[in-house]
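Quick notes on the structure that follows.
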Amino acid sequence: MNPSVPALVGTVLLGGIAALDATPVAQTLLSQPLVTSTVLGLIWGDWPTALAVGVVLQILAASTLPVGSRTPEDYATGGVIGTGVALALGAHAPFEQWRDAAALVGVFAGMIAATLGVPLIKYQRRRNEGLSRWCEDALRAGDEGALGRANAAAVALAFGIGVAFCAIAIAVFTLAARGLVEHESLRLSRAWTLAQPLWLGFGFAQLLHAFIQRRLTRAGVFAAAMIGAWLSLVMGTP
């Protein structure tokens, strides 16, 4: 179980890109766990495991809403971390049960990382507010390049935090869970099999909710997630 260094580097860089997409740049579907897990599946050469984890984290991400002043969990980097942990633990695994156990651990790692990422999001917001105040003062003083420098600083901050957080979290979760996956792979694999209908049922409920509210983009994401989950369960690992 020796993860590929280029794959790990690509995973960490993708975490930075996902953090960028979720905060100051673009804000497209690139930061969604289903999208990042698909990319990671291509990087690691283990698409079924990546998709299985990404689908679950996508369902969980869609169920988190910014109610009032509440900051939702950071499933942009959480999706990268969870999928990356599962792929690192399951890299070159000789048995399917091992990969299933790694997928279950990856889901929990992604959930924990998404929760731990909330303080980082709040920190970025405070720093961005400070940058905006500095930019306003600089523009009033006649510094026309202040806006560009403020945007560049926000981008660099988000990317740096995303890369650092993903690198540390993937390393910690992988090292901490390696022994568990090695010695309890059969039990974890059974738990993963039992939990799959629950994930799919929850995802179907979210799909109906999004469709009723006429959120067609979200409904499309959920539909893709459900189809991907079905294909993963039926086809299995090639």
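No value in this document is a laboratory result; all are computed from the given coordinates. This one's a predicted model, so the numbers in the text were calculated from it and none came from an experiment. Here Cβ is always computed from backbone atoms with ideal geometry, including for glycine, and neighbour counts include all displayed protein chains.
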Worksheet item: What nm distance separates the two modelled labels at V155 and L180, each placed 7 Å from Cα along Cα→Cβ?
Response: 3.8
Item to complete: Sum up the charges of everything whose Cβ sits under 14 Å from the Cβ of V181, counting Lys and Arg as +1 and Asp and Glu as -1, but leave V181 out.
Response: 0
Fill in: Cβ-based net charge around C135, under 14 Å, with every Lys or Arg adding one and every Asp or Glu removing one
-1
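Sorted by packing (mean other beta-carbon atoms within 10 Å per residue), highest first, where do 110-116, 81-87, 138-144 land?
On the way: 110-116: 21.4, 81-87: 34.4, 138-144: 10.7.
Highest to lowest by the protection proxy: 81-87, 110-116, 138-144.
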Worksheet item: Got a sec to turn the phi values of the stretch 158-163 into Karplus ³J(HN,Hα) couplings, 6.51 cos²θ - 1.76 cosθ + 1.60 with θ = phi - 60°, whole Hz, x for Gly and Pro?
Response: 5, 5, x, 5, x, 5
Response to the item:
Residue separation between A138 and Y123 times 0.36 nm, minus their alpha-carbon distance, gives in nm 3.1 nm
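Going by average Cβ density within 10 Å per residue, which order do the peptides 152-161, 118-127, 30-39, 168-177 take, highest to lowest? Display every interim value, and only then the final one.
Details: 152-161: 17.1, 118-127: 14.1, 30-39: 24.6, 168-177: 18.7.
Going by the mean number of other Cβ atoms within 10 Å, highest first, we get 30-39, 168-177, 152-161, 118-127.
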